[in-house]
Amino acid sequence: MSLPTIRLAVDAVVFGYDPKEGLSVLLIRRKFEPFQGTWAIPGGLVMEDESLEMAVERELTEETGITVNYLEQLYSFGEPGRDPRNRVVTVAYYALVRESNFVLYASTDAEEAQWFNLKDLPELAFDHDKILKMAVERLKGKIAYEPIGFELLDEKFPFSELHKLYEAVYGIEIDRRNFKKKFLQLGILEELDEKVSQGKGRPGSLFRFNKKRYDQLKEQGMNFEV
């Protein structure tokens, strides 16, 4: 009896955010079969001399032109038949980036790279719809007890953008007054002297996430929950 040949791959669900457009995901259009011309999550096979993290970072750079600071392992997907070519097990990750930090470009087996709003997604190749749905649920859970959302915002931001981000992630309306009161009580935001004008009304303050303060409070046992 011959030993099974199983290939190992990585895929990356990359979330981006724009205050006007909402939450989005980065997809690539496949250049080759199978699923030629279909949109997919960036990813590919792991090379023999690579760790999983090295492989996913390489694939993202090659297929989309981006690099990531926040990358977390999501789940392993290994159903037989998920790839029509071979038996492939993929280790999926999810990442958070600021869209404005990058100019996308596609190469290798990606014909195109593009941001898609989560409310308006195309049909996806392989089982990538399943992977994406799990990543969205993980993001919703994680952002409630760890301030990973700041990876999606500029270094300095009006509080309204933070509020809109959480509404976009959860897909619901959140009372702004209570949300702001609760967030400011956590003590991890710095209100800056700088102001920004947002349409009608007086200019509002800009804020900045204080990671050092958050790390100190976390060591002291602070429970971050929004």
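The values are calculated or read from the model by the stated rules, or taken from the named source; none is laboratory data. As the structure is a prediction and not an experimental result, all values here were calculated from the model. Positions of Cβ are backbone-derived with ideal geometry, glycine not excepted, and every protein chain shown enters the neighbour counts.
Is one or more of the residues making up segment 108-130 touching a helix residue (DSSP H, G or I) at 6+ places or on another chain (Cβ under 6 Å) and among the hydroxyl-bearing types (Ser, Thr, Tyr)? Scanning segment 108-130, I find at least one residue that is touching a helix residue (DSSP H, G or I) at 6+ places or on another chain (Cβ under 6 Å) and among the hydroxyl-bearing types (Ser, Thr, Tyr), so the answer is yes. The residue that is surrounded by the fewest Cβ atoms within 10 Å (Cβ to Cβ), counting only those in segment 93-151 that are assigned to a loop (DSSP other than H, G, I, E, B) and aromatic (Phe, Trp, Tyr), is TYR105.
Quick check on segment 171-202: of everything there that is of a type in the set (S, T, N, Q) and farther than 30 Å from LYS133 by Cβ, which residue is surrounded by the most Cβ atoms within 10 Å (Cβ to Cβ)? Selected residue: GLN198.
Restricting segment 154-176 to residues that are part of a loop (DSSP other than H, G, I, E, B) and out of contact with any Lys or Arg (no Cβ under 7 Å at 6 or more places or on another chain), the residue that is farthest from GLU21 (Cα to Cα) is ASP175.
Checked against (1) aliphatic (A, V, I, L, M); (2) in contact with a Leu (Cβ under 9 Å, 6 or more places away or on another chain); (3) at pLDDT 95 or above, VAL68 meets all criteria but (3). Residues of segment 39-57 that are touching a residue at least 12 places away in the same chain (Cβ under 8 Å) and either surrounded by fewer than 24 Cβ atoms within 10 Å (Cβ to Cβ) or not assigned by TED's automatic domain parsing to the domain that holds LEU96 (or both): TRP39, ALA40, GLY44, LEU45, VAL46, LEU52, GLU53, ALA55, GLU57. Close Cβ contacts (under 9 Å, 6 or more residues apart or on different chains) running from residues in segment 148-164 that are of a type in the set (Ser, Thr, Tyr) to residues that are outside any helix (DSSP H, G or I) comprise SER160/PRO19; SER160/GLN198; SER160/GLY204. Are any of the residues in segment 73-93 among the hydrophobic types (A, V, I, L, M, F, W, C), within 28 Å of GLU167 (Cβ to Cβ) and more than 15 Å from the chain's Cα centre (by Cα)? No, because not a single residue in segment 73-93 is among the hydrophobic types (A, V, I, L, M, F, W, C), within 28 Å of GLU167 (Cβ to Cβ) and more than 15 Å from the chain's Cα centre (by Cα). Within the option set GLU112, GLU173, GLU190, GLU137, being of a type outside the set (S, T, N, Q) and under 19 Å from LEU74 (Cβ atoms) holds for one residue only, GLU137.
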